[in-house]
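Take a look at the structure below.
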Amino acid sequence: MDKIIIRGGKPLSGTIQISGAKNAALTLLPCALLTDEPLTLRNLPRLADIDGFQHLMTQFGVSTTIAGSRPEDFGRVMTLEATRITSSTAPYDLVRKMRASILVLGPMLARMGGATVSLPGGCAIGNRPIDLHLKVLEALGAQIELAAGYVRAIAPDGGLPGGRYAFPVVSVGATENALMAAATATGKSTLHNAAREPEIVDLCNLLVAMGAEIEGIGSSDLTIHGVPRLHGATYRVMPDRIEAGSYACAAAITGGSVHLAGARIEEMDATVGALRDAGVHVEPVRGGIDVAADGPLRPVTISTAPYPGFATDMQAQLMAMLCLAEGSSVLTETIFENRYMHVPELNRMGAHIETKGRTAIVNGVSKLSGAEVMATDLRASMSLVIAGLAAEGETVVHRLYHLDRGYERLEEKLSGVGADIERVGSD
């Protein structure tokens, strides 16, 4: 198994190209199931999760082609064509590694009138039930059955009628499934307390490009007027705001200055606010965002929250950066109950972090020291890389399959801005 070796202490300087958003792409891919015409997605990141979802789509009979893609390019252009659906089952072997697989349930209900999907897997960051996915689909008219580790959803004869559902708590994935299911329902659907993440907006914009009728895009109240059919489209995946925030933290902890090409500051308000509170210079410029840190980092107090709050997917990276702040920061994780597994690894590098329940107190230290560390989930992996970039000596990060799920060619991007980082085979 590969590992990453980082020799820290080098300020990052230069331009980092921000890739297409993983969390958006995994929501846009299943939209191909909603039409028998081609769907072409541009700026699709080269990630293990994208490859996994492509294999899942193939299971349903969807053909995929990649055009104009060179090995040296970031991103890909993929055309998916679901002329004929040949299977309505997503088996355990394909679903178990990736939680996003549950997002085929809504479009398969809409297109085929039913589907059987294995209960999903993914990162071990706490309890992530799919009950809201099932409840909202029931509200739209589906019949749900659970048996032997599988979910079976069936639409009435004539298709889903549509309906109304108020989410008791905000759920990104359940909102996405509901939007795809409701797009071709026979009636109107309304979703209250829906997720507002930019990735939800990206999904809505693609569905509209395919012929859907959606009101309230960007708000927590969505109205979907079902249409008889959707058509194909060509669409560009939004830039990855979490990747951009991760590299911003990397630049800040090393005292560097980077241009994040393609990043959109308007989709990163909470992250940018936290960085600025910590004394990091963040400025929108033509074509992206400039990030620089030329002074000591300041401590911050922040809680994760659904968008437009501070994203749980940025908590670990911000924590790593704050390890070198002058003072004590307080981070509260409100989304997942088990998302501090990176703390012991950061402490192995000389950090001074204490946790109690959902709160972490990050007592800033004067330096970090390189160590062998183990990644536990996707964002935790990046936090260890960020810490390693600033640490004295050599840091070795193991379990890279987590990183490969969400960061496109990470070593190449970081070495391009001055980091001493390499991927080597483990023997």
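Charges at C-beta only: +1 for Lys and Arg, -1 for Asp and Glu. How large is the resulting dipole of region 22-236 about its Cα centre, in Debye rounded to 20? Display every interim value, and only then the final one.
On the way: 18 positive and 19 negative charges, 47 e Å.
For region 22-236, the charge dipole is close to 220 debye.
Can you tell me the relative contact order of region 22-236? Whole percent, Cα pairs under 8 Å, sequence separation 6 or more.
Details: 495 pairs, mean separation 43.8, N = 215.
Relative contact order comes out at 20 percent.
Among Pro45, Ala82, Ile154, whose Cα sits farthest toward the positive end of the charge dipole of region 22-236 (+1 at Cβ of Lys/Arg, -1 at Cβ of Asp/Glu, about the Cα centre)?
Pro45
Which of these, Ser328, Ser366, Ser381, has the largest mean-square fluctuation under a Gaussian network model of the chain (Cα springs below 10 Å)?
Checking each option, the largest mean-square fluctuation is seen for Ser366.
Any idea what the relative contact order of the chain is, in percent, if you count C-alpha pairs under 8 Å spaced at least 6 apart? Provide the component values of the computation, followed by the final result.
Details: 1085 pairs, mean separation 90.8, N = 427.
Reported relative contact order: 21 percent.
Rounded, prolate or oblate for region 105-202? Axes are the square roots of the Cα gyration tensor eigenvalues, ordered a ≥ b ≥ c, and the cut-off for rounded is a/c under 1.5. Working shown, then result.
Working: a/c = 1.81, a/b = 1.11, b/c = 1.63.
The shape class here is oblate.
Would you mind classifying region 273-316 by shape? Square roots of the alpha carbon gyration tensor eigenvalues, ordered a ≥ b ≥ c; an a/c under 1.5 is rounded, otherwise it is prolate if a/b is larger than b/c and oblate if not.
On the way: a/c = 2.73, a/b = 1.26, b/c = 2.16.
The shape class here is oblate.
Whole-Å semi-axes of region 19-175's equivalent ellipsoid, largest first, each the root of 5 times a Cα gyration tensor eigenvalue? Before the final figure, lay out each step's value.
Details: eigenvalues 136, 67, 42 Å².
Each semi-axis is the square root of five times an eigenvalue, giving 26, 18, 14 Å.
Let me have the 222 nm mean residue ellipticity of the chain computed from DSSP H runs of 4+ only, each contributing -39500 (n - 2.57), with the sum over all residues rounded to the nearest 500. If you can, show how the numbers build up before the last one.
Details: 14 runs with 124 residues, N = 427.
Calculated mean residue ellipticity at 222 nm is -8000 deg cm²/dmol.
Could you sort the peptides 195-202, 3-10, 78-85 by per-residue average Cβ neighbour count (10 Å cutoff), highest mean leading? Could the numbers behind the result be given before it?
Values: 195-202: 22.1, 3-10: 20.0, 78-85: 17.6.
The most tightly packed comes first, giving 195-202, 3-10, 78-85.
Write down the percent of antiparallel bridges among all DSSP beta bridges whose residues are both part of the chain, to the nearest 5. Intermediate results must be reported in sequence, preceding the final value.
Numbers: 57 of 79 bridges.
The answer is about 70 percent antiparallel.
Here is the link list: Lys356/Lys413; Lys97/Lys413; Lys3/Lys135. Which ones come out longer than 32 Å on Cα distance?
On the way: Lys356/Lys413 35 Å; Lys97/Lys413 26 Å; Lys3/Lys135 42 Å.
Violating the 32 Å Cα-Cα cut-off are Lys356/Lys413; Lys3/Lys135.
Classify region 203-250 as rounded, prolate or oblate from the Cα gyration tensor: take a ≥ b ≥ c as the square roots of its eigenvalues, call it rounded if a/c is under 1.5, otherwise prolate when a/b beats b/c and oblate if not.
Working: a/c = 5.84, a/b = 1.94, b/c = 3.01.
Here region 203-250 falls in the oblate category.
Would you mind checking the tilt of helix 48-59 against the longest principal axis of the Cα atoms of the chain, expressed as 0 to 90 degrees and rounded to 10?
The two axes meet at around 20 degrees.
Readers should treat all values here as calculations from the given coordinates under stated rules, not as data from a laboratory. This structure is a prediction, so every number in the text was calculated from the model and none was measured. Every residue, glycine as well, gets a Cβ built from its backbone with ideal geometry; the counts of neighbours run over all protein chains shown.
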